[in-house]
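To start, the structure under review is shown below, and the notes come after it.
The values are calculated or read from the model by the stated rules, or taken from the named source; none is laboratory data. Being a predicted model, the structure only gives us computed values, none of them experimental. Backbone-built Cβ (ideal geometry, glycine too); neighbour counts: all protein chains shown.
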Amino acid sequence: MKKSYLAMWAAAGLLAACSAPKSEEKATAETSAVEASNEEWTSLFDGQTFNGWSKYGGGEVGKAWKIEDGALFLDATNKAGWQTGDGGDIVTNDEFENFHFKYEWKIAPKGNSGVIFLVHESPEFKYPWLTGPEMQVLDNNGHPDAKIVSHRAGDLYDLIVSSEETVKPVGEWNQAEIIINQGKLDLFLNGVNIVSTTLWTPEWDSLVAKSKFKDMPGFGKYKKGKIALQDHGDLVYFRNLEIKKL
């Protein structure tokens, strides 16, 4: 912050006597501001354990979820139907309201997954996607879901198509961001704002009414919830999961 009173002191002949301690004070204040800014981000994954995560519906994270080289991944060797045996969707233990969430993902060939947010975990809802919107994770060139508009990587699943496709080739890491602040939702993929909308408005209700979620009474209603990583039965990796409350 500019200290205009320094100029006044200089005019009074006091600058020489006071500049040194004030400069030190300013430097200390700026350092503290930087440290505070850095402390705003909280890691949701320590790279070694599943601390802070649980299986959706309760219990420990399924054994199909594994950790390697600082990334968590779903081992889809034991596929059971459209999900994975001893896998299941996983969610944060904490709930979040206004936040900036950033993470990286990569998907295996022909893979499908997603990151679901504002999830309300309750026995009445079997899956996270019955309440929370989803940012799609997909192999656009290999998975059949990519043939459906609004089901491609980065889309707000079945609701809003990305303004442009910025997804990297299968097997490469993508940087994604989900920002919610007072109902304003923005999705970023590899540095580009690809979806922007406002939740809980008549326009939002209209979007939901035209989607596959129209008959799901809990969908898109909750203003605070958990973040989920989806088990869609395919190999998928996540790393560098960080969140900042807004």
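Among the residues making up the stretch 140-164, those that are under 18 Å from the mean Cα position of the chain (by Cα) and either modelled with pLDDT under 95 or acidic (Asp, Glu) (or both) are ASP155, ASP158. All conditions but one from (1) over 19 Å from ILE243 (Cα atoms); (2) in contact (Cβ under 8 Å) with a residue 12 or more places away in the chain apply to ASN181; the one that does not is (1). For the stretch 177-195, the set of residues classified as more than 14 Å from PHE99 (Cβ to Cβ), in a strand (DSSP E or B) and either modelled with pLDDT under 95 or not β-branched (Val, Ile, Thr) (or both) consists of LEU189, ASN193, listed by residue number.
Of the residues SER162, SER206, which is part of a loop (DSSP other than H, G, I, E, B) and farther than 25 Å from LEU72 by Cα?
SER162
For the stretch 140-159, the tally of residues that are more than 12 Å from GLY111 (Cβ to Cβ), among the charged types (D, E, K, R) and not in a loop (DSSP other than H, G, I, E, B) stands at 1. Across the stretch 122-160, the number of residues qualifying as crowded, with 20+ Cβ neighbours inside 10 Å and within 19 Å of GLY59 (Cα to Cα) comes to 2.
Filtering the stretch 74-98 to residues that are surrounded by fewer than 19 Cβ atoms within 10 Å (Cβ to Cβ) and not small (Gly, Ala, Ser) leaves ASP75, THR77, ASN78, LYS79, TRP82, ASP86, ASN93, ASP94, GLU95, GLU97, ASN98.
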